[in-house]
Number of protein chains: 2
Amino acid sequence: MGKQQAIGIIDSGVGGLTVAREVIRQLPREQIVYFGDNARCPYGSRSVEEIRMFTNQMVQFVQCYPIKALVIACNTAAAVVLEEVREQTAVPVIGVIEPGARAAISASRMGRIGIIGTETTIRVGAYQRVLHRLKPDLYTVGMACPSFVPLVESGMYHAPEARRIVEETIAPLVHEELDTLILGCTHYPLLAPLIEQVIGGEVTLISSAEETARELSALLSLHDLHAEDTTEKPKHRFFTSGDEQIFRQIGEEWLGFAIDVEAKSLEEIVPAASSNW
Amino acid sequence: MGKQQAIGIIDSGVGGLTVAREVIRQLPREQIVYFGDNARCPYGSRSVEEIRMFTNQMVQFVQCYPIKALVIACNTAAAVVLEEVREQTAVPVIGVIEPGARAAISASRMGRIGIIGTETTIRVGAYQRVLHRLKPDLYTVGMACPSFVPLVESGMYHAPEARRIVEETIAPLVHEELDTLILGCTHYPLLAPLIEQVIGGEVTLISSAEETARELSALLSLHDLHAEDTTEKPKHRFFTSGDEQIFRQIGEEWLGFAIDVEAKSLEEIVPAASSNW
């Protein structure tokens, strides 16, 4: 693996852009190859078998580009299939769940931690498992928020009804006396201002995105894989299995700069992948 | 290496207790073997050769206990000799500088980062090197605070003159318009309230201790070395080459529980170590 190779980031859609943004902010020398599976988004209510198959197809796709490390930026995919991908992939792989859990433990002073995520992430108890393994005596409560991903993917997160949806969904958490709330889905940072208004400013919100970028940095240090300084600005590449216009619009708003987006039909993804999966 | 083995933590004195405290808070299942070289503290104004020799002796000492990972909790020692210890030690080794640098990058929104540390840490530019390697366009400014370690080691950090000393020392940083200040010495978190009063509440203070415990957690995950849950509470062991009474007093105040401290004379440390160094 070469230091100048890219970081692969895969997600069910645009949510992983919050991770990409943090990688670009914290590690501006690194180049990104991003794949968003918008055509099959959301993953959160899909079966474990489907999530496994789709994730493996994405892994196969981004590995066609020379990458030195892989981030599974989708909490649902990481919850289901991280260990499996790790075993089958030559480059170091990180998910978003352990970094988020660690940050929550570090931030929490009272040990009362909430987790919001997709149905699958919450149902398989991905965060709770890591949290309690590291620190058994925590109080944790998980809540599935199935309406949040469609809200972000459709670009409707600025609309007035977004506030109402967020309020209705997380209302039961308000009386849990949490001190920390994990945004257990990479789409949710785009809703963070609304979530903060509802849950209250004294609750620390943990964005898996920010923490994952930090842990990626630690991983690159450990493997001596940080990109060397060059005069060239890194050229990021974004691929989507969905509509490239919507992806570009959300991507540019979120990243703050113009991006090239290439649409890849599922037929282009799956044949490359299907030989091995 | 067994999962139930201890975490070795070495420091020039009591400063590394801030790291121990965070390890205990974030990873309460883990057992600690701590060595503080109070007899030869502070390291910050010593020669590189002395720092290398003393650190290697501590490494040798804590390795007599079965440890599964080693934390060089002294910024000065980590700045000088981390890579060397890493190459010569069978267990994973982390220092405090990279975790602190990463946390500062993550926290900083304006990219204006100050570092306070011992003379050696600042002179060798340990933090700046890591910061600029990860993110070249940061503005960084380092300041040596040689009076801070004696203030903490003597237990005088509550005395009224402590505030005056802190004020006079870091006054030049107040007009640097920093958004983030790295406490680049594990002793400094004990002075954090005073530092915050002087530098202003809008500057984010980064404690290497908190960040190092988090990165230790990531390292243990990566190597699958987290301790398994048992009914027994972990029994930590503390050793000092200095006065065990002073060590116990500061240790218990800082950790918040009673600790066993065993004094080890330099003669007991050095012969064990000198055969190899």
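The values are calculated or read from the model by the stated rules, or taken from the named source; none is laboratory data. For clarity, every value in this text was computed on a predicted model and none was experimentally measured. Cβ coordinates were reconstructed from backbone atoms using ideal geometry, including for glycine residues, and neighbour counts include every protein chain displayed.
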* Asked: Quick one: which of B:84, B:98 is in contact with a Lys or Arg (Cβ under 8 Å, 6 or more places away or on another chain), closer than 26 Å to residue A:223 by Cα and of a type outside the set (Gly, Ala, Ser)?
  -> B:84
* Determine, yes or no, whether residue A:244 is away from chain B (no Cβ under 13 Å), touching a strand residue (DSSP E or B) at 6+ places or on another chain (Cβ under 7 Å) and surrounded by fewer than 22 Cβ atoms within 10 Å (Cβ to Cβ). => yes
* To do: State whether the residues of region A:208-225 include one that is within 14 Å of chain B (Cβ to nearest Cβ) and surrounded by fewer than 15 Cβ atoms within 10 Å (Cβ to Cβ).
  => yes
* Structure fact -> Among residues of region A:72-90 being in contact (Cβ under 8 Å) with a residue 12 or more places away in the chain and within 14 Å of another protein chain (Cβ to nearest Cβ), the residue farthest from residue A:203 (Cα to Cα) is A:82
* To do: Would you mind telling me which numbered condition in (1) under 13 Å from residue A:116 (Cα atoms); (2) in the same structural domain as residue A:15 (by TED's automatic domain parsing) residue A:199 fails?
  => (2)
* State whether one or more residues within region B:234-244 are under 21 Å from the mean Cα position of the chain (by Cα), over 23 Å from residue B:67 (Cβ atoms) and not assigned by TED's automatic domain parsing to the domain that holds residue B:116. => yes
* Asked: Does residue A:191 satisfy being modelled with pLDDT under 95, under 16 Å from residue A:19 (Cβ atoms) and more than 14 Å from chain B (Cβ to nearest Cβ)?
  -> yes
* **Any chance residue B:209 is among the aliphatic types (A, V, I, L, M), farther than 20 Å from residue B:254 by Cα and either modelled with pLDDT of 95 or more or out of contact with any Phe, Trp or Tyr (no Cβ under 8 Å at 6 or more places or on another chain) (or both)** => no
* Asked: Residues of region A:105-148 being closer than 22 Å to residue B:24 by Cβ, out of contact with any helix residue (DSSP H, G or I) (no Cβ under 6 Å at 6 or more places or on another chain), touching a residue at least 60 places away in the same chain (Cβ under 8 Å) and part of a strand (DSSP E or B), which ones?
  -> A:112
